[in-house]
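Visitor: Okay, handing you the structure first.
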Amino acid sequence: MNAMNPDKANSPRIVTIDVLRYRPEQESTPTWQSYEVPCCEEWTVLDALNHIKDHLDGSLSYRWSCHMAVCGSCGMMINGNPTLSCKAFMRDLPDQIKVEPLANLGVIRDLVVQQNRLVDGMAAVKSWLIPRELPPRDDQYRQTPAQLAKYRPLSMCINCMLCYAACPQVALNEGYLGPAALALAQDDGVWECTFIGECSEVCPKHVDPAGAIQQMKLASSLQWLARRIPGGGS
Ligand code: SF4
Ligand code: FES
């Protein structure tokens, strides 16, 4: 009989959580700190960090809010991979876990990173819908189902910045706007994307920024071509 022993399933497992800490007032470079945490299998890494914060070390800093993969604030490197900590379950992880701040973004404190790269990028590309004309008086802006279907996947972005931590261009090029912002851009900046595709791999919301950027390159190329063919474009 394969029935799971409920006592075993519910009994905590001791997991060693190594956290890369940075407290600017007391250390000039980040240092590792280990915590032994009794974890239930249905816990997430965020639950384990909350246990550390509540019971072992109240000085640990990290962001979170919703605990349900909606707010986008709990991103961190977990065993080297950009991950939402509220979506990383203990049952899928080994007895030793390394937790670091998201890569490619400046660290403010412990697991708290700077968000200006994404915020500035979104502002630069005007990541909101801008209608070509005002709606008729007393009417509202309308979208066709086809227009909505095109925009909807991009609207699922929760600004978690996992794609920034996975992108080699973000690491190499300070001026690069980044995958989430470029997925909503019209043209500028998309050609710097080298289509490694890691951004889409790590995205927890299946936004597929790499695909959106490649489609933009294609649309931009077709427009360029049309402008050079007599009668092909205005
Ligand atoms: S595109 Fe995906 S990975 Fe990037 S910020 Fe949006 S939700 Fe996060
Ligand atoms: S806590 Fe909101 S996405 Fe993880």
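Visitor: Inspect all residues belonging to the range 49-67 and state whether any of them is surrounded by fewer than 16 Cβ atoms within 10 Å (Cβ to Cβ), touching a Ser or Thr at 6+ places or on another chain (Cβ under 7 Å) and over 23 Å from ALA165 (Cβ atoms).
Guide: No, there is no match, as no residue in the range 49-67 is surrounded by fewer than 16 Cβ atoms within 10 Å (Cβ to Cβ), touching a Ser or Thr at 6+ places or on another chain (Cβ under 7 Å) and over 23 Å from ALA165 (Cβ atoms).
Visitor: Something else: Are there any pairs with C-beta distances below 9 angstrom linking a residue in the range 158-170 that is free of Cβ contacts under 8 Å to residues at least 40 places away in the same chain to a residue that is in a helix (DSSP H, G or I), with the two at least 6 apart or on different chains, and if so which?
Guide: If the second residue must be in a helix (DSSP H, G or I), the pairs left are PRO168/GLU198; GLN169/PRO179; GLN169/GLU192.
Visitor: Can you tell me which residue in the range 116-127 is nearest to GLY58 (Cα to Cα), limited to those that are surrounded by fewer than 18 Cβ atoms within 10 Å (Cβ to Cβ) and of a type outside the set (A, V, I, L, M)?
Guide: Checked the range 116-127; the qualifying residue nearest to GLY58 (Cα to Cα) is ASN116.
Visitor: With the condition kept exactly as written, say whether any residue in the range 58-75 is touching a strand residue (DSSP E or B) at 6+ places or on another chain (Cβ under 7 Å), within 28 Å of TYR176 (Cα to Cα) and not in a loop (DSSP other than H, G, I, E, B).
Guide: Scanning the range 58-75 turns up at least one residue that is touching a strand residue (DSSP E or B) at 6+ places or on another chain (Cβ under 7 Å), within 28 Å of TYR176 (Cα to Cα) and not in a loop (DSSP other than H, G, I, E, B).
Visitor: How many residues does the range 62-73 contain that are near ligand 2 (Cβ under 6 Å from one of its atoms) and in contact (Cβ under 8 Å) with a residue 40 or more places away in the chain?
Guide: 5
Visitor: Here's a follow-up. Restricting to helices (runs of 4 or more DSSP H) lying wholly in the range 162-205: which have 1 or more residues that are of a type in the set (S, T, N, Q), within 15 Å of ligand 1 (Cβ to nearest atom) and within 21 Å of ASN81 (Cβ to Cβ)?
Guide: 168-172, 198-202
Visitor: Ok, one more. Select from the range 50-90 the residues that are within 16 Å of GLN114 (Cα to Cα), within 14 Å of ligand 1 (Cβ to nearest atom) and among the polar types (S, T, N, Q) and list them in ascending order.
Guide: Passing the criteria: only SER73.
Visitor: From (1) more than 14 Å from ligand 1 (Cβ to nearest atom); (2) surrounded by 11 or more Cβ atoms within 10 Å (Cβ to Cβ), pick out the condition that doesn't hold for ILE130.
Guide: (2)
Visitor: Here is a follow-up. Tell me which of these PRO168 doesn't satisfy, since it passes every other one: (1) within 16 Å of ligand 2 (Cβ to nearest atom); (2) of a type outside the set (Gly, Ala, Ser); (3) surrounded by fewer than 20 Cβ atoms within 10 Å (Cβ to Cβ).
Guide: Among (1) within 16 Å of ligand 2 (Cβ to nearest atom); (2) of a type outside the set (Gly, Ala, Ser); (3) surrounded by fewer than 20 Cβ atoms within 10 Å (Cβ to Cβ), PRO168 violates only (1).
Visitor: What single numbered condition from (1) β-branched (Val, Ile, Thr); (2) part of a loop (DSSP other than H, G, I, E, B); (3) touching a helix residue (DSSP H, G or I) at 6+ places or on another chain (Cβ under 9 Å) fails to hold for ILE158?
Guide: Against the list (1) β-branched (Val, Ile, Thr); (2) part of a loop (DSSP other than H, G, I, E, B); (3) touching a helix residue (DSSP H, G or I) at 6+ places or on another chain (Cβ under 9 Å), ILE158 comes up short only on (3).
Visitor: What are the residue pairs meeting all of these: first residue in the range 138-153, first residue within 19 Å of LEU184 (Cβ to Cβ), second residue part of a loop (DSSP other than H, G, I, E, B) and of a type outside the set (Val, Ile, Thr), Cβ atoms under 6 Å, and 6 or more apart or on different chains?
Guide: Correct list of pairs: TYR141/PRO131; TYR141/PRO135.
Each value in this text was obtained by applying a stated rule to the coordinates, not by laboratory testing. None of the values given here were measured: they were computed from a predicted structure. Every residue, glycine among them, receives a Cβ derived from its backbone with ideal geometry; neighbour counts consider all protein chains shown.
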